[in-house]
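Report on one structure; see the data block that follows.
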Amino acid sequence: MGQVIIGMDPHKRSATIEIINDREKVLAQGRFGTDRDGYRTMLKLGRQHRERVWAVEGCNGIGRHIAQRLVADGETVVDVPAKLSARAIGEGFDAPALDTLFLAGPISYDGLLVQCAGRVIRAAPGKDLAEVHDYHDPATPILAASLPRRMPGYRALGFTRT
């Protein structure tokens with residue numbers, strides 16, 4: 001098995017996770033209580049995958065407590081700021097002045113890429129440049145594999161690689 005990303009949407013008394021592989025195939029998902037039993041069950045599910053990274057939304061906010069528990073248990077955790085999640089800039093999001101996007105996840109579905117990048121290429125007064133900063137880590141298989149899949153979408157939107 002290759003590396004997986006375990007995306008987490010934490011709430012006060014529960015956490016919803018989705019485990020995806022480097023091809024964005026959902027391998028497992030579930031909603032778990034944040035009590036001791038729920039946390040242990042969630043951790044056990046995650047640990048079925050040897051190479052894993054927990055991507056926790058809002059590590060400095062509502063996800064802080066559960067992110068700290070994961071780190072204390074030896075897990076690798078990255079913060080996904082709520083304001084930067086694809087869900088936050090997806091359908092219904094309207095901010096024409098937005099001119100910069102940071103992609104830090106394994107998006108390879110063209111529709112989602114177009115939706116996210118489309119937010120920064122919209123015309124707005126005083127805006128003459130749009131930038132997408134795509135986090136690419138060749139040492140992280142799931143991120144390394146998804147960038148080549150996004151390149152045709154970027155080219156179709158008129159972006160150039162620098």
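Values as computed for the structure displayed
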{"item": "Selection within segment 109-139 - outside any helix (DSSP H, G or I) and surrounded by 17 or more Cβ atoms within 10 Å (Cβ to Cβ)", "result": "130, 132, 134"}
{"item": "Candidate set from segment 1-34 (those that are among the acidic types (Asp, Glu) and more than 14 Å from residue 67 (Cα to Cα)); member that is modelled with the highest pLDDT", "result": "18"}
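The values are calculated or read from the model by the stated rules, or taken from the named source; none is laboratory data. As the structure is a prediction and not an experimental result, all values here were calculated from the model. Methodologically, a virtual Cβ is constructed for each residue, glycine included, from the backbone with ideal geometry; neighbour enumeration extends over all protein chains shown.
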